[in-house]
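The values are calculated or read from the model by the stated rules, or taken from the named source; none is laboratory data. From a predicted model like this one, the values you see are computed outputs, not experimental measurements. Cβ sites come from the backbone with ideal geometry, for glycine too, and all protein chains shown count toward neighbours. Ligands, DNA and RNA are excluded from the accessible area calculation, which covers all protein heavy atoms including side chains. Shrake-Rupley method; radii C 1.70, N 1.55, O 1.52, S 1.80 Å.
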Amino acid sequence: MLLSADKSFIMLKSACMAAFGFSLFFTACGDEKTIVSPEPIGTPSSSSYFEELTSSSDDEISSSSYDDEIESSSSLETESSLYRKNCMEGPSIGRIYCYMNRFVDEFPECNAENEGLIDSTFFMTEPPTYYQCEQGSWVERNSSVHCDTINKSEGDVCILSKNGIPTERYVYAGNGAWYDIDSLANANPECNAENDSLKQKLTYGEDPNKVTIYHRCFDGAWGKITELEYYCPTENMSARDTCSYEIDGQMNYYLYEQKSRNGEKAWQKSNFDPKLGYCPIDIALDKYFVESEDEYYTCEYGEWKKITIEKK
């Protein structure tokens, strides 16, 4: 859309922003609880799963749709020229932004020669809105348009990055369609009172592009949680409780311990010694001692250190 001069700093259009199971059991060991990791009981790799995801997806938006009509002073002027004209007539402090944008009317002609070409509109620093030339028209797409479908199989993963940092992740659903891995639409079944607190683990693709995400049903809505939150709960935990789980052949150890002077406790990533136990990596347990074979040890930043204690 095009705004009048006195509103030239208002954006034209927002850019397009681009299994299951929860089972914990405890093994008594003195006053400590040991948490054994839950195992997912489903997989998102079946064809019916992707059919469900894509059956109601909105992959295409017509490039001719706009939120508002373009204000036009002349039928010969383009959207881009009208915008910049009004923008330059606005306050001088904002004129630096008048050319930090791109409009569909500035795209090359969508013809047979440019079939499949990808271009984008943008305004100032907003994320771009992507378009692809298809059969004579520019069609709006999300960022998955950059994911190549050649030789792709259902369940393959596409990771898009900017400056070396992953920004979007998609899973191939077949028939040229990619689905947003991080969308909460992937979480199912319905989150309701019956399955409140249910946790879900979904894994897509294979190394080196394997992606795993975690969800939790809470108060009637699915939400994202971290790997640690999936495996190690915080409800009803006490100091020095432990949690361990294995990911891709590597063990992860955590000790529930005070992390600040205010007494707040949290899971602390730890090293594990079969004889001495868990030793948090980021804190020093200088007041906690372990005796083994008449020798004493204290934990300092992930290492057990031998100390001498004088007996009276």
For region 261-312, what is the accessible area per residue in Å² when the probe is 1.4 Å? 75 Å²
Just read off the accessible area of residue 224 with the full protein assembly in place, 1.4 Å probe, to the nearest 10 Å². 120 Å²
Sort 247, 159 by accessible area with a 1.4 Å probe, largest first. 159, 247
Of 148, 219, which has the most accessible area and how do the rest follow, probe 1.4 Å? 219, 148
So if I place +1 on the C-beta of Lys and Arg and -1 on the C-beta of Asp and Glu, and nothing else carries charge, what would the dipole magnitude of region 230-312 be about its Cα centre? I want it in debye, nearest 20. 320 debye
Ratio for region 235-312, C-alpha Rg to 2.2 N^0.38 Å, reads 1.17
Entries in 224/269; 162/265; 224/265; 201/259 that, when Cα-Cα distance is taken, lie over 30 Å: 162/265
Once all protein chains are kept in place, residue 272 shows an accessible area at probe 1.4 Å, nearest 10 Å², of 90 Å²
Nearest-0.05 FRET efficiency for residue 159 and residue 293 at R0 = 41 Å, using Cβ-Cβ distance, is 0.25
Using a 1.4 Å probe and ignoring any ligands, DNA or RNA, find the accessible area of residue 237 and quote it in Å² to the nearest 10. 30 Å²
Residue separation between residue 266 and residue 227 times 0.36 nm, minus their alpha-carbon distance, gives in nm 12.6 nm
Phi-derived 3J(HN,Hα) across region 130-138 with the Karplus relation (6.51, -1.76, 1.60, θ = phi - 60°), rounded Hz, x for Gly and Pro, is 8, 9, 10, 6, 9, 6, x, 9, 8
Note, ³J(HN,Hα) from phi for region 291-296, Karplus 6.51, -1.76, 1.60, rounded to Hz, x at Gly and Pro: 9, 9, 6, 6, 10, 10
On a full-extension model of 0.36 nm per residue, what is the gain between residue 309 and residue 134, subtracting their alpha-carbon distance, rounded to one decimal in nm? 55.2 nm
